[in-house]
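To keep things clear, I will list the structure first and then write my remarks on it.
All of the numbers you see were taken from the coordinates with simple rules; none came from a lab. Since the model is a prediction, treat every value here as computed from it, not as a measurement. Backbone-built Cβ (ideal geometry, glycine too); neighbour counts: all protein chains shown.
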Amino acid sequence: MTDKRNIQTIAPFLADDFVDLDEPIFNTDTYSAFLENNANRLGTFKKYLICKLHDSWVIDVNDNIDKFSLILNDYSTYVFADKIIERYNLPIDSDNIAFPLTIELTGKLKVEFNKVDEDGNLIQINQTQLDEYLYEQVTHIDKEQIEIVFHFWKSNLKDDKPGERIIVIVSANNLTLTENQDQSWTEIFGDKFDELYKYFKEQFDSDRYVSDQNECEKLIDEFEQNQLTNERKPTA
């Protein structure tokens, strides 16, 4: 293509990470309504949209002829697990635990990797290493196609170079998200913290921000206080 494509028009929700904006160019309320109107098509992926996968590190990427799959270590669940390990002084190495979820796009697949220059113009590149999931914008949905613009961080640690932002544009017929966090949780903690984990998931699903050590600390305090309160209630 000879025409320049700019991040401000391709994915305006992501633009302010690449260019200085004098004023907002994206209406989050309108976008939220767009996602809600297409909830059935988005499926489970919808509950993770608008920053809920931010900072999740990439476990694996598979890009073949008809399937693009992305396995992430769900950051929110990881932070909560790390806080439990710290809070209860558990003999678990938090550097070696993961709570994977898999995003898959299939059918009439098109995948494009890009860098973004200082003016916001996209520069197409070959497939490259992706290390951390930052953000996404769903840019198109109809009965036949879904298009998502993903924003990743590439650390370049092995090459001893500065890290860089990578934009991956994926369009396909079908989108699925598979949650495997529960299985990993049980493998790591057994059933000891099942009720606490259930409370965490309820808070996550309610759109409460829980991807922070301090917020997870508050959440655990709330749970323990509720437990004490329930124990003190008189029985009939």
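Using the 10 angstrom Cβ neighbour count as an exposure proxy, how do Ser211, Ser206 rank, fewest first?
Ser206, Ser211
Sequence gap at least 6, Cα distance under 8 Å: using those rules, report the relative contact order of the chain to the nearest whole percent.
It comes to 21 percent, rounded to a whole number.
Could you list Tyr88, Tyr31 in order of exposure, starting from the residue whose Cβ has the fewest other Cβ atoms within 10 Å?
Tyr88, Tyr31
Shape verdict for the range 22-113, please, from the Cα gyration tensor: rounded (a/c under 1.5), prolate (a/b greater than b/c) or oblate.
Verdict is oblate for the range 22-113.
Nearest 500 deg cm²/dmol is fine: what mean residue ellipticity at 222 nm does the chain get from its DSSP H runs of n ≥ 4 alone, each adding -39,500 (n - 2.57), divided by its residue count?
-9000 deg cm²/dmol
How long are the semi-axes of the ellipsoid equivalent to the range 101-224, from square roots of 5 times the Cα gyration tensor eigenvalues, in whole Å, largest first?
Semi-axes (√(5λ), whole Å): 33, 20, 15.
Students often forget the sequence filter, so: which lysines lie under 19 Å Cα-Cα from Lys46 once same-chain residues fewer than 8 apart are removed?
Within the straight-line cut-off, Lys46 pairs with Lys143, Lys201.
Treating only the Cα positions of the chain as identical point scatterers, give the base-10 log of I(q)/I(0) from the Debye formula at each q in 0.09, 0.13, 0.14, 0.18 Å⁻¹.
Per q value, in the given order, log10 I(q)/I(0) is -0.45, -0.88, -1.00, -1.44.
How large is ³J(HN,Hα), in whole Hz, for each residue of the range 156-164 in order, when computed from phi with the Karplus curve 6.51 cos²θ - 1.76 cosθ + 1.60 and θ = phi - 60°, using x for Gly and Pro?
6, 4, 5, 8, 6, 10, x, x, 8
Can you compute the equivalent ellipsoid semi-axes for the range 1-46, i.e. the square root of 5 times each eigenvalue of the Cα gyration tensor, sorted largest first and rounded to whole Å?
On the way: eigenvalues 124, 46, 15 Å².
Semi-axes (√(5λ), whole Å): 25, 15, 9.
Net charge near Leu130, counting Lys/Arg +1 and Asp/Glu -1 over other residues with Cβ under 13 Å of its Cβ?
-3
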